[in-house]
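Participant: Here you go, one structure.
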Amino acid sequence: MRAALLVLLSAACAVPQDMAAGTGPERAAELPAPAAPASRCEAHDDLGGLEWLPADLPLAVVIDLEAAELPAAIQRLQDGVRAASGLPVVASLGLGQLGLQLGILRPQLQALGIAPRELLLLHDRGGAVVWVLRARCDLDGLQAAITTAWSLRVRTVSGGAVAEAQAGAGPTFAHDVAFLSGDRLALVPPGTAMKLRRWLETAAPLPVPGSQSAAPAGERLGGIAAAPIRGVLAGRALQTGASAGSTALSRTLRATGEGLEIDGQPPPAGP
């Protein structure tokens, strides 16, 4: 019996081979942590198509965040819209400050742990600014991350969910979030998530056969040649030169590192 006890004590006091001198519990914090499992959020997601865009939006711009020319394209866009005549004030301000807006938004997305390939900038008819991205993540995990990183409260509404600032909480994040179909998120002005979610999820009406209606916004935007920044402006969005007084339903813009094009041409300079 005594011999058996000695064997047990010897085994209990033995130092495992992977706990050699200098690697005991006192140095456990210095050892590399196990690699975190890969998340689907790490995928660089594009927007997954544009056919869902509302029919009545005045501005829609797709930004390729992975384009090497993006910084130069932003500068060309900002310089171009500031110099062009006839650009609506809301669109001009929004596009003229695009670099600043992205400089604020991208770190906030990184804090959430997502890195989309594309962002979509929209204006609704009232001028509200909406950012849309796609994040093919586990929804529960994504909502938990939004609660932690952005201090928003997620709640389920008819047909989906929204994330909003908690009652009584101070300003922590500049947007509310509307969860859309197709793994998309819309970052919207505070207090507008439910209203804008309904707008974004309402399918654009099909054109009447034989009518002169313009092609859907998503189709027009998708038809623009690839570029770091490409967009459409609907309605009387640009009234310049020969287009002044026209009833054109849509204009296009395309920015690269070499310059800005409006309807395929450099924009006319202002007076």
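Participant: Pop out the ³J(HN,Hα) list for the stretch 95-104 in order, Karplus 6.51 cos²θ - 1.76 cosθ + 1.60 with θ = phi - 60°, rounded to Hz; leave Gly and Pro as x.
Facilitator: Each residue of the stretch 95-104 in turn: 6, x, 10, 4, x, 5, 4, 5, x, 8 Hz.
Participant: Full extension from residue 104 to residue 68: what is 0.36 nm times the residue separation minus their Cα-Cα distance, to one decimal in nm?
Facilitator: Fully extending the segment from residue 104 to residue 68 adds 11.0 nm.
Participant: Determine, from the Cβ-Cβ distance of residue 93 and residue 181 and an R0 of 41 Å, the FRET efficiency 1/(1 + (r/R0)^6), rounded to the nearest 0.05.
Facilitator: Details: r = 30 Å, r/R0 = 0.74.
Given R0 = 41 Å and the Cβ-Cβ separation, E is 0.85.
Participant: Have a look at the stretch 69-113 and give its Rg and Dmax from the Cα atoms, expressed in angstrom.
Facilitator: Reported Rg and Dmax, both Å: 12.4, 40.
Participant: As an exercise, use a Förster radius of 41 Å and the Cβ-Cβ distance of residue 198 and residue 75 to find the FRET efficiency, rounded to the nearest 0.05. If you can, show how the numbers build up before the last one.
Facilitator: On the way: r = 36 Å, r/R0 = 0.89.
E(calc), rounded to 0.05, equals 0.65.
Participant: Okay, next question. If I model a spin label at residue 148 and residue 226 as a point 7 Å from the Cα along the Cα→Cβ vector, what separation in nanometres do I get?
Facilitator: Once both label points are built, they end up 3.6 nm from each other.
Participant: For the pair residue 258/residue 166, report the inter-label distance in nm, with labels modelled 7 Å from Cα in the Cβ direction.
Facilitator: In this crude label model, residue 258 to residue 166 measures out at 5.3 nm.
Participant: Let's test the formula: R0 of 30 Å, r as the Cβ-Cβ distance of residue 56 and residue 138. What FRET efficiency results, to the nearest 0.05?
Facilitator: So the FRET efficiency works out to roughly 0.35.
Participant: With Cβ to Cβ distances under 11 Å as the rule, what net charge do the other residues near residue 69 carry (K, R +1; D, E -1)?
Facilitator: Net charge around residue 69: -2.
All of the numbers you see were taken from the coordinates with simple rules; none came from a lab. These numbers were taken from a predicted model, which means no experiment stands behind them. A quick note on method: Cβ atoms are made from the backbone with ideal geometry, for glycine too, and the neighbour counts reach across all protein chains shown.
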